[in-house]
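Colleague: Handing you this structure, nothing more for now.
The values are calculated or read from the model by the stated rules, or taken from the named source; none is laboratory data. Since the structure is predicted, the reported quantities are computational estimates derived from the model, not experimental observations. Cβ atoms come from the backbone with ideal geometry, glycine included; neighbour counts cover every protein chain shown. Ligands, DNA and RNA are stripped out before the accessible areas are found, and what is left, the full protein with its side chains, is counted by its heavy atoms. Shrake-Rupley method; radii C 1.70, N 1.55, O 1.52, S 1.80 Å.
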Amino acid sequence: MTTHTSNEVNTPRFSGHQWMIVILLCGAQFMLALDFSILSVSLPVIGSELGFAFNDLQWIVTAFALPSGGLLLLFGRTADLYGRRSWFIAGMGLFTVASLVGGLAWSPAVLIAARAGQGLAAAMLTPAAMSLLTTSFNEGGLREKALGINGTLLSLGFLTGVVLGGVITDFTSWRVTLLINVPIGILAVIAAPILIRESRNAHAPRLDLVGAVTVTGGLLSVIFGITSAERNGWSSPVTLGSLALGVVLLIAFFLAESRVKDPLIDLGLLRKRSVSWANTMGLLTFSMMTGMVFLMTLYMQHVRDMTPLTTGFAFAALGVAAVLGGAVSARIVGALGVHKVLVIGLLLQGLSTAALVLLSQDSGLVLLLVATAVGGFGHLLAVVGYMITATSGVRDDQQGLATGMAYTAQQLGLTVGTPILGTIAAARMSSLGEGTAQDVATLSGAHLGVLVAGGVLLVGAVLAAVLLRPASAPSETATTAAAS
């Protein structure tokens with residue numbers, strides 16, 4: 001039975017039309033992930049050119065992160081109700097216009113507004129594109145192959161954004177990183193109605209306004225609180241107040257949803273272990289990966305005195321390994337099953353991250369390249385595993401919601417990883433005293449951060465092994481991922 005399942009997964013191939021759908025939808029996800037991080041290394045240049053105050057530079061990233069994470073669940077449900085293709089086209093149109101405005105920005109306010117528009121469009125596009133991808137392919141080999149490609153481009157987009165941002169800024173202008181989206185967006189708007197059929201819930205109920213307001217406000221407050229911690233500290237009134245408000249609103253949301261006839265989110269979906277715990281694993285793998293990249297950036301620039309451009313290229317091994325992971329993920333899923341792939345991915349990422357504690361001030365670049373490559377491969381397996389698990393066994397009319405939840409976990413992971421591990425590293429650095437050299441303190445902080453990250457991932461692997469263990473035989477779960 002296992003051999004048969006493996007062949008079944010490996011045999012299906014995309015038709016030419018299906019390839020075009022995959023390129024369109026996965027390409028959109030790559031573009032969004034890229035834009036999340038592509039301006040990060042260009043912030044000093046942007047600040048000097050447009051006249052940003054130093055403390056306001058972070059808003060270039062935060063303005064994108066807030067709406068893109070806070071509105072995902074609302075827009076995922078809206079796409080289910082009113083048409084996923086229409087929502088995708090509208091989001092792509094908004095993203096194109098916002099990119100044009102951002103590329104031509106003449107003041108800080110204009111650029112911040114454009115980045116917020118990009119984030120709003122990303123919240124529209126992400127669940128729409130993902131649900132169109134899952135509803136375009138039945139559960140099994142083709143869907144898993146499409147999700148593997150999507151996971152590869154998603155992770156690669158974020159990781160290569162830092163590299164490409166530095167290269168483009170050095171050789172042309174930071175404006176090109178935004179303007180390049182314009183022709184791509186126009187092509188996507190033209191191609192979508194030609195390649196993709198409309199998909200929606202045929203019996204659309206009224207939109208749950210109470211649920212929409214509370215969950216959106218709660219997520220926005222939580223994300224704002226986490227991002228502000230990077231600037232103001234975790235004990236600041238702004239951070240604590242935002243987090244407290246977010247928690248209160250989210251509690252109110254769950255209380256309200258249990259009493260609404262047509263809730264924004266079917267709480268029964270959240271009670272499925274395959275949904276709730278798979279998304280937890282997604283949160284862990286993304287947060288610890290982005291946090292590790294941040295710590296290794298500090299190590300390379302402040303301990304090894306590498307330039308930002310060289311630092312970016314040092315992460316190439318991670319990106320190549322992620323691409324390899326995406327290329328072979330469908331075969332590995334077919335051979336081992338989704339559950340084992342998710343656990344193995346978390347284990348590889350956790351062990352390789354913890355191994356970075358062996359880095360020293362004057363040696364360890366080979367270890368860095370190997371460990372980040374292994375971690376990138378494992379991370380990609382974990383991403384594919386959690387995406388398949390979180391969207392399997394879900395009705396087509398709930399795919400927008402399921403994918404919105406999966407990408408909310410991703411967005412929260414991208415947001416919380418750096419401030420959490422950064423705070424841990426900073427606390428270790430402060431404990432060493434003022435007389436400690438900066439490179440020694442930075443290395444010590446990075447060591448503690450990667451140990452924590454590795455430990456969190458290993459705990460996640462154990463939880464995934466126990467709580468997402470398939471109830472049926474492995475041969476049956478290789479393609480169905482029936483983890484609920």
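Colleague: Which semi-axis lengths, in whole Å and largest first, follow from the square roots of five times the eigenvalues of the Cα gyration tensor of the stretch 183-303?
Modeller: So the three semi-axes of the stretch 183-303 are 32, 26, 16 Å.
Colleague: If N is the number of residues in the stretch 258-300, what value comes out of its Cα radius of gyration divided by 2.2 N^0.38 Å?
Modeller: Against the compact-globule rule of thumb, the ratio is 1.84.
Colleague: Let me ask something else about it. Show me 234-242, 460-468, 78-86 ranked by packing, highest mean number of other Cβ atoms within 10 Å first.
Modeller: Working: 234-242: 14.7, 460-468: 19.2, 78-86: 22.2.
Per-residue Cβ counts within 10 Å, averaged per peptide and sorted highest first, yield 78-86, 460-468, 234-242.
Colleague: A further question on this structure: What number comes out for accessible area per residue over the stretch 284-352 if the probe is 1.4 Å? Units Å², please. Each step should come with its number before you reach the end.
Modeller: Values: 2370 Å² over 69 residues.
Computed with neighbouring chains in place, this is 34 Å² per residue.
Colleague: Moving to a separate point now. In whole percent, how big is the carbon plus sulfur part of the accessible area of the stretch 62-123, probe 1.4 Å, protein atoms only?
Modeller: Summing carbon and sulfur atoms, their accessible area is 82 percent of the total for the stretch 62-123.
Colleague: Within 10 Å, count the other beta carbons around each residue, average over each peptide in 385-393, 108-116, 66-74, and list them highest first.
Modeller: 385-393, 66-74, 108-116
Colleague: Carbon-plus-sulfur fraction of the accessible area of the stretch 365-435, 1.4 Å probe, in percent?
Modeller: Within the stretch 365-435, the accessible surface is 66 percent carbon and sulfur.
Colleague: So how much accessible area does residue 49 have, in Å² to the nearest 10, using a 1.4 Å probe?
Modeller: The accessible area comes out at roughly 90 Å².
Colleague: On the protein heavy atoms, probe 1.4 angstrom, tell me the percent of accessible surface of the stretch 206-292 carried by carbon and sulfur.
Modeller: That share works out to 70 percent.
Colleague: Rg(Cα) of the stretch 309-394 divided by 2.2 N^0.38 Å?
Modeller: On the way: Rg = 14.3 Å, N = 86, 2.2 N^0.38 = 12.0 Å.
Relative to the 2.2 N^0.38 Å estimate, the stretch 309-394 comes out at 1.20.
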